[in-house]
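Undergrad: First, the structure itself, so that you have it in front of you.
The values are calculated or read from the model by the stated rules, or taken from the named source; none is laboratory data. These numbers were taken from a predicted model, which means no experiment stands behind them. When we count neighbours, we look across all protein chains shown, and the Cβ atoms used for this are built from the backbone with ideal geometry, even at glycine. Side chains are part of the model used for accessible areas, which takes the heavy atoms of the whole protein and leaves out ligands, DNA and RNA. Shrake-Rupley method; radii C 1.70, N 1.55, O 1.52, S 1.80 Å.
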Amino acid sequence: MSMVQAPLPATKAESTSASVAGGRKKRGLSLVTARPWLLLAPGLIILAVLMLWPLVQVFIYSLQDYGLREINTGENNWIGLDNYVEALTNPTLWTVVLPNTVGFAAVAVFTTVALGTLVALLLARLGTVWRTIVSSCIMVAWAMPAVTGTYVWTFIFDADRGIFNSVLQDLGLIDGQVNWFTNQWSFYAIVLLNVVHHGFPFVAITVLAGLLGVSKEMLEAAALDGAGAWRRFWKIIFPTLKPVFSVVIILSTIWDFKVFAQVYLMPGGSGGNRQVLNLGVWSYVESFGQNRYGFGAALAVLLTLVLIGITIVYIRSLMKEDEL
């Protein structure tokens, strides 16, 4: 009958070495965990000074009845959440500003992503030389400042000297001059052209980068099996590029929600036509046009909260993409 020998107890030296090794391992893990934050610390400090503190100041102003008198005297006129209550109970927010902001962002995002995707599919079918030439040409629209692009589109649709009116008159479609900036729908149609023209190159180049990674053998096999271009896109290309589309859509949503220059610089967009106000322009007009800096700050805080919510969705999509 065999005897099973019990394990010998660890000696004091072995226990000491094991504890030392465990301590070193913990210190190594803590150093590995802290290293990314140490590397990010300088940038985070700069962002806190340049962005976080101004945001805190805006929130402080939003809790006050802050105007020219308070600026001159340096006094604080605290009113609590009254500015937020006024903003959320103001009919202008629900009947004009919010529909303009949300509705325009939804249409602009859909149009920008759709056009950018079509351009990306076209670029993917071109040779290397022509792809480089066309990509460089469309990036001119992306590089153009928003202010410059807005003035170009304003000139095109100008009632007196605009090219658009001249062409319609030559074709006999209109009899006299038409001011396209007085109507809410035509106003935002011009803003939409401006924003899509400026934004689709980013979508096109981003989607193109993803398309070049899609398996050509899989697409050719699907084509041999009788799948058309539409079916190949939705069954192969779109599922493969779903993380890319998620990032592009969320980024476009953030940019289109906070559109300012493209609205404010259009005729009537600076407050002259109250029917075309969006959340960003309304905040600016109330602050610097009406000298109601506290109320304008409250509107800015509301817009910031919306953008933070969208940004959280964007970050979560990036994290999910990294996990895949």
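Undergrad: What helices (runs of 4 or more DSSP H) completely inside segment 36-107 contain at least 1 residues that are more than 15 Å from Ala297 (Cα to Cα)?
TA: It comes to 68-73, 82-89.
Undergrad: Can you tell me which residue within segment 136-183, out of those that are among the hydroxyl-bearing types (Ser, Thr, Tyr) and buried (at least 17 other Cβ atoms within 10 Å of the Cβ), is farthest from Trp255 (Cα to Cα)?
TA: Checked segment 136-183; the qualifying residue farthest from Trp255 (Cα to Cα) is Thr154.
The rows are residues; the columns are (1) under 16 Å from Trp142 (Cβ atoms); (2) crowded, with 17+ Cβ neighbours inside 10 Å.
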site: His197; (1), (2): yes, yes
site: Pro201; (1), (2): yes, yes
site: Gly210; (1), (2): no, yes
site: Glu217; (1), (2): no, no
site: Ala221; (1), (2): no, no
site: Leu224; (1), (2): no, no
site: Arg231; (1), (2): no, no
site: Ile237; (1), (2): no, yes
site: Ser252; (1), (2): yes, yes
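Undergrad: Continuing with the same structure: Taking the criterion of being of a type in the set (Lys, Arg) and over 19 Å from the mean Cα position of the chain (by Cα), would at least one residue in segment 272-283 satisfy it?
TA: Scanning segment 272-283, I find at least one residue that is of a type in the set (Lys, Arg) and over 19 Å from the mean Cα position of the chain (by Cα), so the answer is yes.
Undergrad: Quick check: anything in segment 257-265 more than 30 Å from Ala120 (Cβ to Cβ) and open to solvent by 30 Å² or more (accessible area, probe 1.4 Å)?
TA: Within segment 257-265 (the criterion being more than 30 Å from Ala120 (Cβ to Cβ) and open to solvent by 30 Å² or more (accessible area, probe 1.4 Å)), the answer is yes, since at least one residue qualifies.
Undergrad: A further question follows. Report the residue count in segment 267-299 for those that are open to solvent by less than 30 Å² (accessible area, probe 1.4 Å) and in a helix (DSSP H, G or I).
TA: Result for segment 267-299: 15.
Undergrad: Which residue out of Asn76, Asn100 is in contact (Cβ under 8 Å) with a residue 24 or more places away in the chain and in contact with a helix residue (DSSP H, G or I) (Cβ under 8 Å, 6 or more places away or on another chain)?
TA: Asn100
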